[in-house]
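Some notes on the structure that comes next.
The values are calculated or read from the model by the stated rules, or taken from the named source; none is laboratory data. Predicted model only: the values in this text are computed from it and were never measured. Note: ideal-geometry Cβ built from the backbone for every residue, glycine included; neighbour counts use all protein chains shown.
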Amino acid sequence: MSENEARQIERLKSLLSSQREAFQVERHRPIDQRKADIDKIADLTKNHAADIIAAISADYGVRSCAETQIAEIGFVISAAKHAKSHVAKWAKPKSASVPMTLAPGKAYVRREPKGVAGIVAPWNYPYQLAIAPLIAALSAGCRAIIKPSELTPQTAELIKRILAEAFDETQVAVVTGGPKVGEAFSAQKFDHLFYTGSTHVGRLVAMAAAENLVPVTLELGGKSPAILTEDYDPQDAASPLAWGKFFNAGQTCIAPDYVLAPRGQIDATADAVLGKVREFYADFATDADYTAIISDKHHARLTSMIEEARAAGTRILQPEGSDGGNARKLAPTVVVDPPLDSALMKEEIFGPVLPILPYDTIDDAIRFVNDRDHPLALYVYARDKDAARSVLERTISGGASVNASMLHMSVEGMPFGGVGASGQGAYHGEHGFLTFTHERAVFEAPKWHPSRLIAPPYGKMFDFISKLQSK
Ligand code: NAD
């Protein structure tokens, strides 16, 4: 472990204890102050928009500024707006009806902050995925420590600096570092641990959290399928498929990982997607709207996946393009029917490569999806609404969009999260508030309550209540 990592871990421990002390002093942050906290996030995001765009671009080499604007800055500002306008309602106690056998009395659920939250963020949307969980934590009245990814160091430093401008470290703090710091981070006794990243590391985080019985939210990845049904024109699907796949050069957890198309339509689908690529990017290598791959290692992994499929004789479609001087740009690539035992079909791709596989019947397509881990997202393209509904009914995924890619995650009022291997728990809107909230059930009895009659030695009153209860 480097000296810096050891320092960060020491700092983390001391931040956690000072946040915990501060939480003991103020266990119930008033709603007006929570709103002010949320406002600070929105303001610093607006005021530092140019810095955020520059830092993420520097970390990526090339990151589409437009995509940073909508997926990081705009996303966070609208999440803050939504939380601010709903937090008072979310935080109100929720009353519950009292059964006759317990009357008279009052039953209600207090929505209380869990305490100090730990947030571990990945590199692919380094601002959004650190700050959106923070908005949820602050709206719940929690304090939080964030660990951004080491692969986006400039963004991590920026997040640390701008949050320090607006918040005291006893409320919001950032520690930086890689896997060693991440490991130490997930071994701390947080009141909630919120992790976004790969399924592999998610499992390690869950095991570390289990040691301390720390509740954990896991926002993981996986292979999200897109199913094109018989009645859907591949030309119409091509635009949302290409947009979903090549946005951020495929480095998106809910990007369509692969497409299942009717056997007779796979070539038409592949050609239509390539046609869209040519419309989107005149020359992907020099186009500022086409993002580079985050690191040489990630670039090499994706290249070797394509080469493995090529060596197996698979049809591979790429647009013509220059190298543009940026070695980390990878051509938007469509792969027709790669072998199922190739890395492209065994691992989450997480890059700009779209395999298109044939199916003979919709039952086969559904079986293909259901034979694999539950995906984070599922896309179905169908003109017939019943056909789309049937695909949804017969599969399981974290979320889904019909005749679109990725859009379900931008509806702030819906839960965003995975299921099984793609994650557990959810956030966004009230679901995020609830993630960082302990729902405390309270029963308030009047000065004298009939339950006092039900005490040993159990007699007639007990028999009466017991009969009433079992009726
Ligand atoms: P990663 O798991 O490598 O890293 C994520 C974070 O975990 C980083 O901050 C990293 O430093 C930290 N970390 C690394 N080793 C650790 C350890 N042993 N213990 C604790 N923390 C550790 O993931 P990544 O490569 O940054 O992100 C890509 C993955 O994340 C993809 O699988 C993608 O699908 C997934 N993802 C999911 C969502 C979602 O919302 N479900 C969003 C974005 C990305």
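For segment 197-254, give me each residue that is surrounded by 20 or more Cβ atoms within 10 Å (Cβ to Cβ), under 12 Å from Gly423 (Cα atoms) and among the small types (Gly, Ala, Ser).
Gly197, Gly202, Gly221, Gly222
A quick yes/no check of all residues on (1) touching a Leu at 6+ places or on another chain (Cβ under 7 Å); (2) among the hydrophobic types (A, V, I, L, M, F, W, C); (3) away from the ligand (no atom under 16 Å from the Cβ); (4) without any contact (Cβ under 8 Å) to a residue 24 or more places away in the chain:
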position: Arg203; (1), (2), (3), (4): no, no, no, yes
position: Leu213; (1), (2), (3), (4): no, yes, yes, yes
position: Gly221; (1), (2), (3), (4): yes, no, no, no
position: Ile227; (1), (2), (3), (4): yes, yes, yes, no
position: Ala249; (1), (2), (3), (4): yes, yes, no, no
position: Ala261; (1), (2), (3), (4): yes, yes, yes, no
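Show me the strands (runs of 3 or more DSSP E) found entirely inside segment 318-386 where at least 3 residues are under 25 Å from the mean Cα position of the chain (by Cα) and touching a residue at least 60 places away in the same chain (Cβ under 8 Å). Steps first, please.
On the way: elements: 333-336, 353-359, 377-381.
Qualifying strands (runs of 3 or more DSSP E): 353-359, 377-381.
Mind checking which helices (runs of 4 or more DSSP H) fall wholly inside segment 160-271 and carry at least 1 residues that are assigned by TED's automatic domain parsing to the domain that holds Tyr60?
Correct list: 179-186, 199-211.
Of all helices (runs of 4 or more DSSP H) completely enclosed by segment 55-148, which ones contain at least 2 residues that are within 16 Å of the ligand (Cβ to nearest atom) and free of Cβ contacts under 8 Å to residues at least 60 places away in the same chain?
128-139
Please find, within segment 103-128, the residue that is farthest from the chain's Cα centre (by Cα) out of those that are of a type in the set (A, V, I, L, M) and surrounded by 24 or more Cβ atoms within 10 Å (Cβ to Cβ).
Val116
Ala404: in a loop (DSSP other than H, G, I, E, B), modelled with pLDDT of 95 or more, surrounded by fewer than 24 Cβ atoms within 10 Å (Cβ to Cβ) and among the hydrophobic types (A, V, I, L, M, F, W, C), yes or no?
Answer is yes for this residue.
Among all residue pairs at least 6 apart or on different chains, which show Cβ distances below 6 Å where the first residue, located in segment 152-165, is touching a residue at least 12 places away in the same chain (Cβ under 8 Å) and the second is small (Gly, Ala, Ser) and surrounded by fewer than 18 Cβ atoms within 10 Å (Cβ to Cβ)?
So the pair list comes out as Gln154/Ala58.
Here is a yes/no grid of residues against (1) touching a strand residue (DSSP E or B) at 6+ places or on another chain (Cβ under 6 Å); (2) crowded, with 16+ Cβ neighbours inside 10 Å; (3) closer than 19 Å to Ile227 by Cβ; (4) among the hydroxyl-bearing types (Ser, Thr, Tyr):
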residue: Ala388; (1), (2), (3), (4): yes, yes, yes, no
residue: Gly399; (1), (2), (3), (4): yes, yes, yes, no
residue: Gly417; (1), (2), (3), (4): yes, yes, no, no
residue: Ser422; (1), (2), (3), (4): no, yes, yes, yes
residue: His431; (1), (2), (3), (4): no, yes, no, no
residue: Thr435; (1), (2), (3), (4): yes, yes, no, yes
residue: Lys447; (1), (2), (3), (4): no, no, no, no
residue: Gly459; (1), (2), (3), (4): no, no, no, no
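Among the residues of segment 272-303, count how many are part of a helix (DSSP H, G or I) and hydrophobic (A, V, I, L, M, F, W, C).
Selection size over segment 272-303: 7.
With the structure loaded, tell me whether Thr170 is in contact (Cβ under 8 Å) with a residue 24 or more places away in the chain, within 13 Å of the ligand (Cβ to nearest atom) and among the hydroxyl-bearing types (Ser, Thr, Tyr) or whether it fails that test.
It is false that Thr170 is in contact (Cβ under 8 Å) with a residue 24 or more places away in the chain, within 13 Å of the ligand (Cβ to nearest atom) and among the hydroxyl-bearing types (Ser, Thr, Tyr).
Considering every residue within segment 276-283, establish whether at least one is surrounded by fewer than 24 Cβ atoms within 10 Å (Cβ to Cβ) and either within 16 Å of the ligand (Cβ to nearest atom) or over 30 Å from Thr229 (Cβ atoms) (or both). It would help to see each step written out before you state the result.
Taking segment 276-283 as the starting set, the residues that turn out to be surrounded by fewer than 24 Cβ atoms within 10 Å (Cβ to Cβ) are 276, 278-283.
Those left that are additionally either within 16 Å of the ligand (Cβ to nearest atom) or over 30 Å from Thr229 (Cβ atoms) (or both): 282-283.
The answer is yes; a qualifying residue exists.
Filter segment 150-159 for residues that are part of a loop (DSSP other than H, G, I, E, B) and either more than 9 Å from the ligand (Cβ to nearest atom) or closer than 21 Å to Lys13 by Cβ (or both) and give the result.
The one that is part of a loop (DSSP other than H, G, I, E, B) and either more than 9 Å from the ligand (Cβ to nearest atom) or closer than 21 Å to Lys13 by Cβ (or both): Glu150.
Among the numbered criteria (1) within 18 Å of the chain's Cα centre (by Cα); (2) more than 16 Å from the ligand (Cβ to nearest atom); (3) not hydroxyl-bearing (Ser, Thr, Tyr), which single criterion is violated by Ala164?
Among (1) within 18 Å of the chain's Cα centre (by Cα); (2) more than 16 Å from the ligand (Cβ to nearest atom); (3) not hydroxyl-bearing (Ser, Thr, Tyr), the lone unmet condition for Ala164 is (1).
Looking for whichever is modelled with pLDDT of 95 or more, closer than 15 Å to Leu376 by Cβ and in contact with an Asp or Glu (Cβ under 9 Å, 6 or more places away or on another chain) here; the options are Pro225, Pro234. Which one fits?
Values: Pro234 fails: closer than 15 Å to Leu376 by Cβ.
After ruling out the rest, the residue left standing is Pro225.
For residues that are touching a residue at least 12 places away in the same chain (Cβ under 8 Å), surrounded by fewer than 12 Cβ atoms within 10 Å (Cβ to Cβ) and in a helix (DSSP H, G or I), tally how many sit in segment 14-54.
Residues meeting the conditions: 1.
Quick check on Ala365: is it away from the ligand (no atom under 14 Å from the Cβ), within 11 Å of Leu260 (Cα to Cα) and among the aliphatic types (A, V, I, L, M)?
yes
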